[in-house]
């Protein structure tokens with residue numbers, strides 16, 4: 001899953017590499033890592049939500 005933070009981070013990192021600006025490159029790497037972490041949290045939340053919904057769906061099926 002690609003998000004805005006990862007794309008912007010990669011662009012900033014590349015810009016830093018091309019211009020020799022270590023600070024800009026590091027900023028881009030940090031932004032990219034933030035985007036990856038954000039993706040993992042979103043994936044985890046989706047997984048938990050799906051499991052909770054499945055649990056309640058099964059519970060409702062047993063009542064019918």
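Quick notes on this structure:
- Being without any contact (Cβ under 8 Å) to a residue 12 or more places away in the chain and in contact with a helix residue (DSSP H, G or I) (Cβ under 7 Å, 6 or more places away or on another chain) is a condition met by no residue of segment 40-52.
- Condition met for residue 60 (exposed (fewer than 10 other Cβ atoms within 10 Å of the Cβ) and part of a helix (DSSP H, G or I)): yes
Any read-out appearing in this document is the output of simple, stated calculations on the displayed coordinates, not a laboratory observation. Model, not experiment: these values are computed from the prediction. Don't worry about glycine lacking a Cβ; one is built from the backbone with ideal geometry, like all the others, and counts go over all protein chains shown.
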